[in-house]
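First comes the structure, then the notes that go with it.
The values are calculated or read from the model by the stated rules, or taken from the named source; none is laboratory data. Quantities reported herein were computed from a predicted structural model and do not represent experimental measurements. Cβ atoms come from the backbone with ideal geometry, glycine included; neighbour counts cover every protein chain shown.
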């Protein structure tokens, strides 16, 4: 309980530094959202400032200590938001019930990426889109790759299960989406770089 409470505070502080680095990518990914939008792992709501008003927003956040900050961020930016209790491993929504799923820095910490992506596909309507930004493993043999492997045990313990060296592109390619577009982006941010930015269509 104490660790989750601390993490809710800590991630809010980190996002103040991190979010400006990816703001342009978020605006590009999220500017055309409409209808029902499910965000998996929204945390304290750093994406709210990049979302269009008028959407029907659902935030699936398992850490209850994030919820007050998440709802406050939604209100600040004019987003009508509802918190959904549960896990991305078993999204508590009906099949084909949302128009969009978005997620940023989520697949690094879930227990099973394949299961989460299967759930994302299940709740998306036909033709619906999953928009994502995820940090992934650095290229083999680089200093960042070595650092990711070295620090992984301590990093995962302090960040509620975040894995800095996951080959998330493999899971995305194998998830069965009708189409997948993604690009690699390098950020000047320690350990969690490079990133994948993209979209997948059911």
Inset, instruction - Identify the single condition in (1) under 25 Å from residue 160 (Cβ atoms); (2) assigned to a helix (DSSP H, G or I); (3) touching a helix residue (DSSP H, G or I) at 6+ places or on another chain (Cβ under 6 Å) that residue 27 does not satisfy, given that it satisfies every other one. - result: (1)
Legend entry - Cross-chain or 6+ apart pairs with Cβ under 8 Å, segment 126-149 first and at positive phi, then not in a strand (DSSP E or B): 127/202
Inset, instruction - Considering each residue of segment 176-195, count those that are surrounded by fewer than 18 Cβ atoms within 10 Å (Cβ to Cβ), touching a helix residue (DSSP H, G or I) at 6+ places or on another chain (Cβ under 9 Å) and over 17 Å from residue 24 (Cα atoms), and give that number. - result: 4
Legend entry - The listed residue being under 23 Å from residue 10 (Cβ atoms) and more than 18 Å from the chain's Cα centre (by Cα), out of 151, 133: 151
Inset, instruction - Out of the residues in segment 119-167 that are in a loop (DSSP other than H, G, I, E, B) and loosely packed, with under 15 Cβ neighbours inside 10 Å, state the one that is modelled with the highest pLDDT. - result: 167
Inset, instruction - Would you check which residues across segment 47-66 are closer than 19 Å to residue 12 by Cβ, touching a residue at least 40 places away in the same chain (Cβ under 8 Å) and either touching a strand residue (DSSP E or B) at 6+ places or on another chain (Cβ under 7 Å) or in a loop (DSSP other than H, G, I, E, B) (or both) and list them? - result: 47, 63
Inset, instruction - Return the only residue of 116, 110, 98 being more than 21 Å from residue 192 (Cβ to Cβ), surrounded by 16 or more Cβ atoms within 10 Å (Cβ to Cβ) and within 17 Å of the chain's Cα centre (by Cα). - result: 98
Inset, instruction - Could you list all residues from segment 168-188 that are part of a loop (DSSP other than H, G, I, E, B), farther than 26 Å from residue 125 by Cβ and in contact (Cβ under 8 Å) with a residue 24 or more places away in the chain? - result: 187, 188
Legend entry - Failed item in (1) within 30 Å of residue 186 (Cα to Cα); (2) in contact (Cβ under 8 Å) with a residue 24 or more places away in the chain, with residue 14 passing the rest: (2)
Legend entry - Top-ranked residue of segment 67-87 - restricted to ones that are part of a helix (DSSP H, G or I) and in contact with a strand residue (DSSP E or B) (Cβ under 9 Å, 6 or more places away or on another chain), ranked as surrounded by the most Cβ atoms within 10 Å (Cβ to Cβ): 70
Legend entry - Only listed residue being within 22 Å of residue 59 (Cβ to Cβ), assigned to a helix (DSSP H, G or I) and touching a strand residue (DSSP E or B) at 6+ places or on another chain (Cβ under 9 Å), chosen from 116, 106, 110, 101: 116
